[in-house]
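Peer 1: The structure under discussion is supplied below as structure tokens; questions concerning it will follow.
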Amino acid sequence: MTYGWAILVVLAAIAALAYFGVLSPDRFLPEKCTLPSGVACLDFTGTSTTTTLVIQNSAGFDMQTVVVSINSTATGGNMPCTGTLGGTLVDGMKDTFTCNSTGLASGKFKGTLNINYLNAQTGMTHLKSGELILKIP
């Protein structure tokens with residue numbers, strides 16, 4: 001009978017910690033920006049109004065009409081991003097993309113990072129998708 005009461009007290013303590021968010025796994029997720037091979041996410045930062053990404057072309061060919069967007073349920077869909085180089089990434093070059101993320105709540109943000117581009121050598125379009133997890137202050 002004593003063991004039963006002890007187990008009940010431990011379960012109540014765990015339930016209280018979970019209720020108040022102490023055991024929330026979202027608090028322990030690391031910040032990361034991952035993309036498939038050929039495109040590298042070098043750096044990223046975010047606030048409640050803007051998200052900034054530094055993306056490098058390492059595919060071995062020039063990319064034209066590069067369009068970057070972030071898709072998330074927290075934003076209600078796609079957040080288009082604008083680059084400083086005008087949509088062309090020469091092989092080995094990097095560009096800074098700024099996304100309008102007005103209205104993001106503070107805490108962890110998780111979204112899908114989409115990069116659409118045209119291969120300058122073949123003329124074919126491609127879509128690369130990755131993951132973006134960052135902390136909004």
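Peer 1: Would you mind checking the range 30-47 for residues with the amide N under 17 Å from a putative spin-label position 7 Å along Cα→C-beta of VAL54?
Peer 2: 32-35, 39-47
Peer 1: Let me ask something additional. Hey, rough spin-label estimate for THR2 and THR45, points 7 angstrom out along Cα→Cβ, what's it come to in nanometres?
Peer 2: Result for the modelled spin labels: 5.9 nm.
Peer 1: Another question, if that's okay. Residues of the range 75-108 with amide nitrogen under 15 Å from the 7 Å Cα-to-Cβ point of SER129?
Peer 2: Hits in the range 75-108 for SER129 at 15 Å: 77-79.
Peer 1: Moving on. Between ASP91 and ILE14, what is 0.36 nm times their sequence separation minus the Cα-Cα distance? Round to one decimal in nm. Write down the numbers at each step before the final one.
Peer 2: Working: separation 77, 0.36 × 77 = 27.72 nm, distance 5.26 nm.
That works out to 22.5 nm of additional length.
Peer 1: Okay, moving on. For the chain, how many pairs of lysine residues have a Cα-Cα distance under 19 Å, where the two are 8 or more positions apart or belong to different chains?
Peer 2: Step by step, the pairs that qualify in the chain add up to 9.
Peer 1: Let me ask you something else. Given a Förster distance of 25 angstrom, what is the FRET efficiency for GLN64 paired with LYS110, based on the Cβ-Cβ distance and rounded to 0.05? Don't skip to the end; give the middle numbers.
Peer 2: Working: r = 30 Å, r/R0 = 1.19.
Efficiency, from the Cβ-Cβ distance: 0.25.
Peer 1: Efficiency by 1/(1 + (r/R0)^6): what FRET value for ASN71 and PHE28, r their Cβ-Cβ distance, R0 = 25 Å, to the nearest 0.05?
Peer 2: 0.55
Peer 1: Sticking with this one: Tilt of helix 2-19 relative to the longest C-alpha principal axis of the chain, in degrees (0 to 90, nearest 10)?
Peer 2: Compared with the principal axis, the helix lies near 30 degrees.
Since every read-out is calculated from the coordinates, none of them should be taken as a lab result. All values reported here derive from a predicted model rather than from experimental measurement. Don't worry about glycine lacking a Cβ; one is built from the backbone with ideal geometry, like all the others, and counts go over all protein chains shown.
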